[in-house]
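Worksheet: the structure to be examined is printed underneath.
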Amino acid sequence: MKLTKKERQQSLTQTIADNPFVTDEQLANQFNVSVQTIRLDRMELSIPELRERIKDVAAKNYENEVKSLPLDEVIGEIIDIELDQRALSIFDVSEEHVFQRNDIARGHHLFAQANSLAVAVIDDELALTAKSNVVFVQPVRAGDRVITKAVVREQQDEKNRTIIDVTSTVNNKVVFTGEFIMYRTKGGNEQ
């Protein structure tokens, strides 16, 4: 049963309110319309595109939480964070992030996403990368969405170090892994 435009727009508004990270492509499939129809509906309803929705959610939820760097210095968009525990970000790879000759993402973008997430998860005013060991598992291309998860593995309070494991995936396939040893000015969970 095809929805009327008004019904579709009401349902679209509710769907995006429930999941601000839903893509236009996913919405088009859900409502059995074209991506262009979804974009027109969003424009009529003054619903921003996905990137802006993600920034809004991150700013509302995490701007007072992240202490080690401003949110606008994080590469990718933080979508979940629990300081000194774990963090999650997404990064949409576009043409500007890839080598023109082969359409493969430049490694420094993936590293920057992982490294800035490792910094952001630290519950301290100052967090610096002391050492990292990274592996680029498989190529990432323009149009890919990289989901990166940082998990605090160990806190070495006597050394003011935190070890963080970072894994990046595209379509649930690992594309990058890293171990980041972070320097912080205080031991973990001190305030």
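The values are calculated or read from the model by the stated rules, or taken from the named source; none is laboratory data. Only a predicted model underlies this, so the values are computations on that prediction, with no experimental measurement involved. Cβ coordinates were reconstructed from backbone atoms using ideal geometry, including for glycine residues, and neighbour counts include every protein chain displayed.
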Which one is nearest to Ile163 (Cα to Cα) among residues in region 84-116 that are touching a Gly at 6+ places or on another chain (Cβ under 7 Å) and either modelled with pLDDT of 95 or more or aliphatic (A, V, I, L, M) (or both)? Ala114
Under 9 Å by Cβ, and 6 or more places apart or on different chains, what pairs join a residue from region 148-162 that is outside any strand (DSSP E or B) with one that is surrounded by fewer than 19 Cβ atoms within 10 Å (Cβ to Cβ) and hydroxyl-bearing (Ser, Thr, Tyr)? Lys159/Tyr183; Asn160/Tyr183; Asn160/Thr185
Quick one: would you say Ser132 is buried (at least 21 other Cβ atoms within 10 Å of the Cβ), assigned to a strand (DSSP E or B) and outside the structural domain of Phe21 (by TED's automatic domain parsing)? no
Would you mind telling me which numbered condition in (1) β-branched (Val, Ile, Thr); (2) surrounded by fewer than 23 Cβ atoms within 10 Å (Cβ to Cβ); (3) in contact with a helix residue (DSSP H, G or I) (Cβ under 9 Å, 6 or more places away or on another chain) Thr162 fails? (2)
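Just for region 90-129: of the residues that are among the hydroxyl-bearing types (Ser, Thr, Tyr) and more than 14 Å from the chain's Cα centre (by Cα), which one is farthest from Glu77 (Cα to Cα)?
Let us first name the residues in region 90-129 that are among the hydroxyl-bearing types (Ser, Thr, Tyr), namely 94, 116, 129.
Subset that is more than 14 Å from the chain's Cα centre (by Cα): 94, 129.
Working: Ser94: 14, Thr129: 20 Å.
Across region 90-129, the extreme among qualifying residues is Thr129.
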Please count how many residues of region 148-182 are farther than 23 Å from Asn102 by Cβ and either aliphatic (A, V, I, L, M) or not assigned by TED's automatic domain parsing to the domain that holds Val121 (or both). 8
